[in-house]
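Reading through the structure tokens given below for one structure.
The values are calculated or read from the model by the stated rules, or taken from the named source; none is laboratory data. Small disclaimer: the values here were computed from a predicted structure and weren't measured. Note that we place each Cβ from the backbone using ideal geometry, even for glycine, and neighbour counts take in every protein chain shown.
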Amino acid sequence: EAQVTQNPRYLITVTGKKLTVTCSQNMNHEYMSWYRQDPGLGLRQIYYSMNVEVTDKGDVPEGYKVSRKEKRNFPLILESPSPNQTSLYFCASSITGGGGQPQHFGDGTRLSIL
Amino acid sequence: SQKIEQNSEALNIQEGKTATLTCNYTNYSPAYLQWYRQDPGRGPVFLLLIRENEKEKRKERLKVTFDTTLKQSLFHITASQPADSATYLCALAPTDSWGKFQFGAGTQVVVTP
């Protein structure tokens with residue numbers, strides 16, 4: 001089944017403790033992206049990757065890191081999480097990043113940082 | 001600054017009627033406009049996309065229009081059903097920033113029998 005898989009689905013952690021949210025897709029998509037969703041603000045793009053080893057900042061990249069060493073994986077790293085990063089995070093993939101193709105989303109990771 | 005606006009108030013509609021949602025944008029030149037459906041606790045699911053040079057797209061009971069002069073897209077659900085109850089998001093992909101997307105905050109639709 002074609003899908004985007006995120007792990008963990010839920011995480012409660014404390015300020016400053018490094019964490020990684022994994023994202024994997026099995027559709028051989030070139031494009032992958034991370035979003036955060038907060039009430040009233042909609043989805044905001046954190047980072048995106050047009051292909052392996054190519055990443056770019058979205059609208060809200062501060063406090064996050066990403067890497068794209070393999071086509072299927074695009075982990076999101078919070079090196080020193082803070083409470084304002086408490087949010088619902090979504091990973092998405094697409095054949096290309098040009099907008100003419102649909103994005104496929106994972107089911108989300110709910111992060112709570114105390 | 002770039003802005004995308006969707007009605008923040010929930011749209012309550014009776015089964016069988018047509019639901020119409022709006023997506024307005026400013027300071028933006030989108031190449032494509034996409035519509036997604038999101039159910040509680042789930043990721044968005046793609047529904048339709050329309051290019052800047054297209055006026056209208058249809059898929060089953062769904063219709064999207066795109067007016068680049070008004071800077072607006074309308075999303076219609078005809079013959080609505082309770083199963084159509086969800087939040088609907090619009091997303092814009094700009095002409096000058098490949099890979100960048102901006103989403104509206106979404107409009108909740110509630111279809112009552």
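Just so you know, in segment B:84-98 the residues that are under 19 Å from B:ASN27 (Cβ atoms) and not aromatic (Phe, Trp, Tyr) include one that is nearest to the other protein chains (Cβ to nearest Cβ), and it is B:ALA93. Summed over segment B:45-88, the residues that are among the acidic types (Asp, Glu) and in contact with a His (Cβ under 6 Å, 6 or more places away or on another chain) give a count of 0.
One residue stands out in segment A:29-63 among those that are among the acidic types (Asp, Glu) and farther than 20 Å from B:GLN108 by Cα: the one that is surrounded by the fewest Cβ atoms within 10 Å (Cβ to Cβ), namely A:GLU62. Of the numbered criteria (1) of a type in the set (A, V, I, L, M, F, W, C); (2) loosely packed, with under 14 Cβ neighbours inside 10 Å; (3) in contact with a Cys (Cβ under 9 Å, 6 or more places away or on another chain), the one B:LEU33 fails is (2). Annotation: of all residues in segment A:77-90 being part of a loop (DSSP other than H, G, I, E, B) and among the polar types (S, T, N, Q), the one that is nearest to the other protein chains (Cβ to nearest Cβ) is A:THR86. Those strands (runs of 3 or more DSSP E) of segment A:1-47 that lie entirely within it include none in which at least 1 residues are under 15 Å from A:CYS91 (Cβ atoms), at pLDDT below 95 and touching a strand residue (DSSP E or B) at 6+ places or on another chain (Cβ under 7 Å). If you check A:SER93, A:SER112 for being in a strand (DSSP E or B), farther than 16 Å from B:ARG42 by Cα, among the hydroxyl-bearing types (Ser, Thr, Tyr) and in contact (Cβ under 8 Å) with a residue 40 or more places away in the chain, only one passes: A:SER112.
Just a yes or no: is a residue in segment B:16-27 without any contact (Cβ under 8 Å) to a residue 12 or more places away in the chain, of a type outside the set (Phe, Trp, Tyr) and either more than 13 Å from chain A (Cβ to nearest Cβ) or not in a loop (DSSP other than H, G, I, E, B) (or both)? Looking for residues that are without any contact (Cβ under 8 Å) to a residue 12 or more places away in the chain, of a type outside the set (Phe, Trp, Tyr) and either more than 13 Å from chain A (Cβ to nearest Cβ) or not in a loop (DSSP other than H, G, I, E, B) (or both), one finds none in segment B:16-27, hence no.
Set side by side, the residues A:GLU53, A:GLU62 differ, and just one is away from every other protein chain (no Cβ under 12 Å), on the phi > 0 side of the Ramachandran plot and not polar (S, T, N, Q), which is A:GLU53. Residues that are out of contact with any Pro (no Cβ under 8 Å at 6 or more places or on another chain), modelled with pLDDT of 95 or more and under 30 Å from A:TYR47 (Cβ atoms) do occur in segment B:34-41.
Selection within segment B:80-113: residues that are over 23 Å from B:PRO40 (Cα atoms) and assigned to a strand (DSSP E or B). The member of this set that is nearest to the chain's Cα centre (by Cα) is B:ALA93. Is segment A:80-96 home to any residue that is among the small types (Gly, Ala, Ser), under 25 Å from B:LEU92 (Cα atoms) and surrounded by fewer than 19 Cβ atoms within 10 Å (Cβ to Cβ)? No, segment A:80-96 has no match at all.
Within the group B:LYS55, B:LYS71, which residue is touching a residue at least 24 places away in the same chain (Cβ under 8 Å) and more than 13 Å from chain A (Cβ to nearest Cβ)? Of the residues listed, the single one that is touching a residue at least 24 places away in the same chain (Cβ under 8 Å) and more than 13 Å from chain A (Cβ to nearest Cβ) is B:LYS71.
Annotation: of all residues in segment B:54-79 being out of contact with any Lys or Arg (no Cβ under 6 Å at 6 or more places or on another chain) and in a loop (DSSP other than H, G, I, E, B), the one that is surrounded by the fewest Cβ atoms within 10 Å (Cβ to Cβ) is B:THR69.
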